[in-house]
Each structure stands twice: as C-alpha cells, then as structure tokens.
Amino acid sequence: MSVDRSLLLGAVFGLLVGGLVYQFLLPDWYPAFGIAAIYAGAAYFYLAFDISLLGSQIEFSDRSDKIGYAVGLFGLSVSPLALGEYSGLRDSAVVGIIVWAMGMLAFLLLATTAAHRGRP
C-alpha cells in the first residue's frame, strides 16, 4: 500500500480508537489522544509494510532465551490487570489501561519489524 494511503488510514484508525476510548473508557482527552496516536502509528506500520501482527516474528533458539521471553510475555499480559487492581481503578479505567498496553506493544513490535525489514 502506498505511504500516503497508509498514513491516512492509520490516522483514521487511530482517531477511531481514540474516540471510542474517550467515549466509553477514559473520558479525558489527554490519555485518549495518546492512545489514538499509538494506534495510528501501529496501523501505519501494519499497512505500509504488510506485517502480520499475529505471525511469529520473534524467535529464539536457546532454551533459556525462550523461557525469558515467556516470563516477560506473562508479565506484560498480567501487569495492566494488576496495576488496575492495585490502584483500585474503576472497570472502564482498567480496560483503558489494557487498550493502551496492547496498542503500545503492537506499535513497538510493528515498528521494530518494519525497521529491520525495510521498505517492501
């Protein structure tokens, strides 16, 4: 997909996610705008570089590396829930934290893969 079209669709997707977060989860423009920017960037890399988000992109050959990766993924998956529980946030705020964390991880994964792969 062309860069211009990827930028436009990424921006539209980011604004859509940010609007939904603002409307239903976090009624404050500042975190909603940050989440919108994260998802816009992730969508851009997804569209511009044709990267599979669910594909196996990180592989380790050493057993200890695989265990370290699994422990890190476990921590990433439960820490937003633990943070919400610890801070006593209401349900919509916890879901907002989870949306933010998933977007952040997707953006970093897609941006890193795109940087290593280069332009198609």
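What follows is calculated from the coordinates using simple rules that are stated; it is not laboratory data. Keep in mind that this is a model prediction, so the values were computed, not measured. Counting neighbours? That spans all protein chains shown, and the Cβs are built from the backbone with ideal geometry, glycine included.
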How long is the gain from ASP62 to PHE74 if the chain were fully straight, where each residue apart is worth 0.36 nm and the alpha carbon distance is subtracted? 2.5 nm
Collect residues whose amide H, placed 1.01 Å from N in the peptide plane, falls under 5 Å from the amide H of ILE51; neighbours closer than 5 in sequence don't count. none
Would you list GLU59, GLU85 from fewest to most Cβ contacts within 10 Å? GLU59, GLU85
Tell me which label goes with the value of Rg and Dmax of the Cα atoms in Å computed from the coordinates here: (1) 16.0, 46; (2) 16.3, 50; (3) 25.2, 74. (1)
Relative contact order in percent for the range 3-117 (Cα pairs under 8 Å, 6+ apart) equals 32 percent
